[in-house]
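Comments concern the structure below.
The values are calculated or read from the model by the stated rules, or taken from the named source; none is laboratory data. Because the structure is a prediction, the values reported are computed rather than measured. Using ideal geometry, Cβ is built from the backbone for each residue, glycine included, and neighbour counts are taken over all protein chains shown.
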Amino acid sequence: MLMETLARLVGRSVIDAVRARWRGLSHVNVGVPVEGGHLDRVDVEPSGRIRLTGWTENGAPPDLSVAVNGSGARRVGWFEIRRADLTGSRVGYCIEFAGPHEGVARSVTVQSSGREVAHLEPLLPLQPPHYATLLDEQRVLHRDDIYGVGPPLPVASPEVVAFARELPGPVLDFGCGSGALVRELRAAGVETFGIELRRAEIEASLKDDVKPVITLYDGKLPMPYPDGRFESVVCTEVLEHIPDYVHAAKEIARVARLALITVPDMSAIPALFPHSVVPWHLLEATHVNFFTQASLELLLRRFFANVSFSRIGAFQVNGTQVFTSLVARCER
């Protein structure tokens, strides 16, 4: 074999050299022959999924196995890939394996007929993905399975916390969820209170340290506070859930002089259209309002004299930068 011959010529293991070269990489172009075809590339994803791509000559993918951190990964399935560079009976393939969802992918080894053909040391932190069942679910799913509602987040966005810390107290977190932002602001010395719908999942998520300063109510407006009760209101990812969003915005202005409001940034949809991508957070079932910066500004200027905008949650898809949320800073 070529690799063994090279190893003898240079006096050291070529595999060891390859391991060093692939340390810290989560996708590599391998380019090695395997029984029945060729392995071109190995991809290790943060979800724990491993993809092997290459070509085969016999209409079936090569018999390859994968181990992550020394433990075998479950083979999920495979599919053909049309490739213009292949002629004759050669067909492109992609084989998918399900590795662990948590921890760190320290090593990924690919074997063909018991022979190691690739070894990566990606050192990649793994993260349990949302909608993980869509990787290999065997049931036919329906709309309610996809457009769902998750539990309140246990932690506050660091970007939102940074904005909110600039607000004078007392602060009301309108739609405070589990009280994560309330906790962060109070720890920073900002007098903060919360209000949220009385729902079983909310009550279960509230910890004892924030329960005394959070009001649970039926969601009817007006809120149970007098005019000007607070200096500031924070309303993060809430207005898109409220059918009467105009009344909600009016209420925010009634109870406070300043407001920090975030909503999903819908401009990400046309921006990512060339890549056929829609941000996953837009699959939330209870989103009933969809704002652009222009439409949100028109709404807020009905109740606030000054409105300025920022954006948070920057990410890129194939070089196109978009944002998760619009941020409006308002003053009466």
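Okay, here's what the table says:
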| quantity | calculated |
| --- | --- |
| Residue, farthest from the chain's Cα centre (by Cα), within the stretch 60-111, restricted to residues that are among the charged types (D, E, K, R), part of a loop (DSSP other than H, G, I, E, B) and more than 17 Å from V34 (Cα to Cα) | D85 |
| Within the stretch 77-99, considering residues that are surrounded by 11 or more Cβ atoms within 10 Å (Cβ to Cβ) and among the β-branched types (V, I, T), the one nearest to A60 (Cα to Cα) | V91 |
| Residues being touching a strand residue (DSSP E or B) at 6+ places or on another chain (Cβ under 9 Å) and of a type outside the set (A, V, I, L, M, F, W, C) - total across the stretch 130-166 | 5 |
| Residue in the stretch 296-312 that is among the aliphatic types (A, V, I, L, M), more than 23 Å from V182 (Cβ to Cβ) and modelled with pLDDT under 95 present | no |
| Among the candidates S107, S65, residue that is of a type in the set (S, T, Y) and under 17 Å from L123 (Cα atoms) | S107 |
| Options R41, R21: the member that is in the same structural domain as S107 (by TED's automatic domain parsing), at pLDDT 95 or above, of a type outside the set (G, A, S) and within 12 Å of A118 (Cα to Cα) | R41 |
| Residue in the stretch 59-67 that is over 30 Å from G150 (Cα atoms), loosely packed, with under 14 Cβ neighbours inside 10 Å and free of Cβ contacts under 8 Å to residues at least 40 places away in the same chain present | yes |
| Answer residue from the stretch 302-332, given it is without any contact (Cβ under 8 Å) to a residue 24 or more places away in the chain and under 19 Å from F273 (Cβ atoms) and is surrounded by the fewest Cβ atoms within 10 Å (Cβ to Cβ) among those | G319 |
| Residues satisfying the stated conditions in the stretch 288-299, i.e. touching a residue at least 24 places away in the same chain (Cβ under 8 Å) and either on the phi > 0 side of the Ramachandran plot or out of contact with any helix residue (DSSP H, G or I) (no Cβ under 6 Å at 6 or more places or on another chain) (or both) | V288, F290, F291, T292, Q293, L296, E297 |
| Tally of residues being free of Cβ contacts under 8 Å to residues at least 60 places away in the same chain and in contact with a helix residue (DSSP H, G or I) (Cβ under 6 Å, 6 or more places away or on another chain) across the stretch 215-247 | 9 |
| Scan of the stretch 107-127 for residues that are more than 22 Å from W78 (Cα to Cα) and loosely packed, with under 14 Cβ neighbours inside 10 Å, ordered by number | L123, P125, Q127 |
| Strands (runs of 3 or more DSSP E) wholly inside the stretch 166-280 that include at least 2 residues being farther than 24 Å from E331 by Cα | 214-217 |
